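This report refers to the structure that appears directly beneath it.
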Amino acid sequence: MLKKILKQHTGPLTRDLVQEPGRFGLGKIPSRLKPASTTTSICGFCATGCQLKIHLDEAGNAINLSPQSGYPVNLGMACPKGWQALDPLDATDRATTPLLRDESGTFQPVGWDTALDTFVTRLKSIKETHGRESVAFLSTGQIPFEEMALLGCLFKFGMGFLHCDANTRQCMATAVTAYKQSFGFDAPPATYADFEESDVIVLIGANLCIAYPILWQRVMLNRRNPEIIVIDPRSTETAQVATQHVAIRPKGDLPLLYALAHCIIRDGRIDETSIGNTEGFSEFSEFVTDYTPASVAADAGLSIEAIEQLAATVSEPGKRVSWWWTMGVNQSYEGVRVAQAIINLCLITGNIGKPGTGPNSITGQCNAMGSRLFSNTTSLVGGHDFANPGHRSKVASSLGIPEENIPSEPSLAYDEIFDAVEAGKIKALWIVATNPFHSWINRSRLDTLREKLDFLVVQDMYHSTESARAADLVLPAAGWGEKSGCQINSERRIGTIKAVKKAPGLALSDFRILRLIADRWGCGDMFGAWTDPEAVFKILRDLTAGRPCDITGIKDYDQLDGEGGIQWPYPKSKTQHEKFKMSTQRRLFEDGKFFTPNGKAKLLFTAPSPNPEPTDAEYPFTLLTGRGTSSQWHTLTRTGKSKLLARMAPPKPYVETHPDDARALGLESNASVVIRSRRGEMRASAYIATTVQAGHVFLPMHYPEVNLLTHPSFDPHSRQPNYKACAVAVTAV
Ligand code: SF4
């Protein structure tokens, strides 16, 4: 069965998965389900940002959906998750009423009055006793950015707390930091049309066929007969259908990228004009002098010839080369420098700001980009900086709030928030639409930390998540499809989502819950103009004036729908409009100017560091983790509720093991094995395949046991967890 599923998910067959309605969605529509009308909504899973056409009955309730044709992102396609996006709304474990844990430890259903009173009373009391740094929230990249902004502004400006972060820290903090440091702003340059306009497409740490099936379809639409190079330790579904698979050693990426720069500079295959738009080239050239192919071959796990050949391919004069990365780069202890090594290659070869080029991070969650601009967690809302007095003053006057309500200090990052819980400094946590008790690295630590918390609130669609089950108070929230707002995809395209179903029971949209909390807290007046999501959109739009993400030219939601979504920037001024040559596909940096004070991009680099947990005699295997199938999303909180999606993925964990290792361990196919790390252990069935190299094993990240094993190390610049390479032992049961 597993083999069949994996085979089904290889590239060419992906087209069937995304285009054949009968198998995954509509099929033949019974007459009772014929829609009275339709509306559109951006899919609420991944950051591809496909638009779906929602079919409504006469009362305006969703009865089905299909991919929207003509939308510039998905061009009429959707992956299995998109086709089944309505299923999770009908799950039986929806949170339909607030739940409050009683003295015996049992959840009791309560009304909103009791829930809100408890929430406000407990948090105010903790703040009064322990100060404003004693409460933190952890949120998400999965809710509309109007809700993110209300949450972040309410928490910091209204309730007067400081520390908050989102699960976007787990997926793209590395890309954010790399872009900010190199370009002066968190600015992914690509537009998806670049997939179709490249001559060489390099996918590094990115399994598009599985993780972003529609973006793989965009690659398939490329008519330039591109070289498709996958750099990945594992023979992923994408690597199997690429023109080249560069099977590096885990975390051999940084030395390899420096060696490529070495060869390109040595051979003079550089673009002087592009280098003129950068600073630090002479230091960078000197730095990579030592990174000869011979010196990195062992670390990269490649031959000298393979490195030379790759360097020649990615710097061929006249060829358009685009680099795309996802979690294989971001989730690393040195991911920021890896991302910047990719950026450096694009800058020195002139592969930026032109069709078919770019150092392009593909974001993870549907609204991670919205979180980056508007969540008011790491960055001040609207693409501003908490440390900048001018920015604080501008935001205060634009929002009509006292400037002293805006903190100048940064928030603790996700891992630092947990450290502060451990140290007894943070006493209460508010978790919104995320599930760290499943997804956080070395997650068993959270069970210990739970004991240290005086109060844990979880606001979610379901009462059954690992995090909700640990809570003192559960606030029932509406999900995607039950509320409105905007999301921003990986290519900076803003699109709308719509309420097409009523949330069950007493569940409310996060927006409504936050408004009620603001009133109870006594700061409702501060958000008097934040009446509904579209009103908030306009407030946020106006805040972006003059920033790189300026969207002051967008009138309203109707314009977003009418124009097929709109990529930022979209400023109001005519000259800016001319500069960005408004069209439905726009890339950044066409003028060679970056967002740094002197307009030049920075070439940043440091020497590679050793893997924090290398293999040894006791733990001889390197554990790789990643997405399992295109039907699974993260912790399965939603996709696990769809019967059809569940049928498309193995229900129990499996571990990919190389045949040589299986032989040495005495394993038959499907044998039960135990995988142990220094932090925990789990069981899985052995899937024996050459998809992994000898000495490596691969586990899909969706199963809750997997993060019992992962190693809690972090990139020092982005604080993103290093999920991808730790040491484990495998034994037959
Ligand atoms: S999950 Fe991603 S690829 Fe699939 S339909 Fe939704 S946005 Fe598109």
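The values are calculated or read from the model by the stated rules, or taken from the named source; none is laboratory data. A quick note: this is a predicted structure, and the numbers were derived from the prediction, not measured. With ideal geometry, Cβ positions are generated from the backbone for all residues, glycine too; neighbour counts draw on all protein chains shown. In case anyone asks, the SASA skips ligands and DNA or RNA and just uses the protein heavy atoms, side chains included. Shrake-Rupley method; radii C 1.70, N 1.55, O 1.52, S 1.80 Å.
Gyration tensor analysis over the Cα atoms of the stretch 124-229 returns equivalent ellipsoid semi-axes of 41, 14, 12 Å (largest first, whole Å). I'd like the carbon and sulfur percentage of the solvent accessible area for the stretch 621-732, probe radius 1.4 Å, heavy atoms only, ligands and nucleic acids excluded. Ligands and nucleic acids excluded, carbon and sulfur give 52 percent. The residues of the stretch 173-362 expose on average 28 square angstrom of accessible surface per residue, using a 1.4 Å probe on protein heavy atoms. Each peptide in 45-58, 249-262 receives the mean, over its residues, of other Cβ atoms within 10 Å, and ordering these scores from highest gives 249-262, 45-58. A simple rule links phi to the HN-Hα coupling: the Karplus curve 6.51 cos²θ - 1.76 cosθ + 1.60 with θ = phi - 60°, which for the stretch 388-398 gives 8, x, x, 5, 5, 5, 4, 5, 4, 6, 5 Hz, with x for Gly and Pro.
Using the alpha carbons alone, the radius of gyration of the stretch 54-119 stands to its Kirkwood radius in an Rg to Rh ratio of 1.23. In the context of the full set of protein chains, the stretch 621-732 has a per residue accessible area of 35 Å² (1.4 Å probe).
Rg of the Cα atoms in the chain, relative to 2.2 N^0.38 Å, amounts to 0.91.
Using +1 at the Cβ of each Lys and Arg and -1 at the Cβ of each Asp and Glu in the chain, identify which of 396, 599, 366 lies farthest towards the dipole's positive end. My answer, from the dipole projection, is 366. The H on the amide N of residue 248, modeled in the peptide plane, is under 5 Å from the matching H of 232, each at least 5 residues off or on a different chain. Of the residues 68, 633, 119, the one whose Cα sits farthest towards the positive end of the charge dipole of the chain is 68 (charges of +1 on Lys and Arg Cβ, -1 on Asp and Glu Cβ, taken about the Cα centre). In the chain, taking the dipole from charged Cβ atoms about the Cα centre, the farthest positive-side position among 313, 48, 497 is held by 497. Scattering from the stretch 246-326 was approximated by placing one identical point on each alpha carbon and applying the Debye formula without solvent; log10 I(q)/I(0) at 0.17, 0.24 1/Å stands at -0.69, -1.25. Mean silhouette area of the stretch 94-160, derived from the convex hull of its C-alpha atoms and averaged over all directions, reads 5.9 nm².
The order of the peptides 549-556, 223-230 by mean Cβ neighbours within 10 Å, most packed first, is 549-556, 223-230.
In terms of packing, defined here as the mean over residues of other Cβ atoms within 10 angstrom, the peptides 561-571, 430-440 line up highest first as 430-440, 561-571. Using the Cα coordinates of the stretch 323-409, the gyration tensor eigenvalues translate into equivalent-ellipsoid semi-axes of 32, 15, 13 Å, sorted from longest to shortest. For the stretch 268-354, carbon and sulfur atoms together expose 50% of the accessible surface, with a 1.4 angstrom probe and every protein chain in place.
Here the dipole of the stretch 73-148 is about 220 debye; that uses its Cα centre as origin and unit charges on the Cβ of Lys and Arg (positive) and Asp and Glu (negative). Between the C-alpha center of the stretch 286-343 and that of the stretch 134-162 there is a gap of 38 Å. The stretch 244-266 and the stretch 649-695 have Cα centres separated by 29 Å.
With the Kirkwood sum run over all distinct C-alpha pairs, the stretch 621-732 has a hydrodynamic radius of 14.5 Å. Convex hull volume per residue, computed on the Cα atoms of the stretch 173-362, equals 105 Å³. About its Cα centre, the chain has a charge dipole of approximately 1500 debye under the convention of +1 per Lys or Arg Cβ and -1 per Asp or Glu Cβ, with nothing else charged. In the stretch 497-573, the ratio of gyration radius to Kirkwood radius, Rg to Rh, stands at 1.05 when only Cα atoms are counted.
Around the Cα centre of the stretch 621-732, unit charges on the Cβ atoms of Lys, Arg, Asp and Glu (plus for the first two, minus for the last two) sum to a dipole of about 500 debye.
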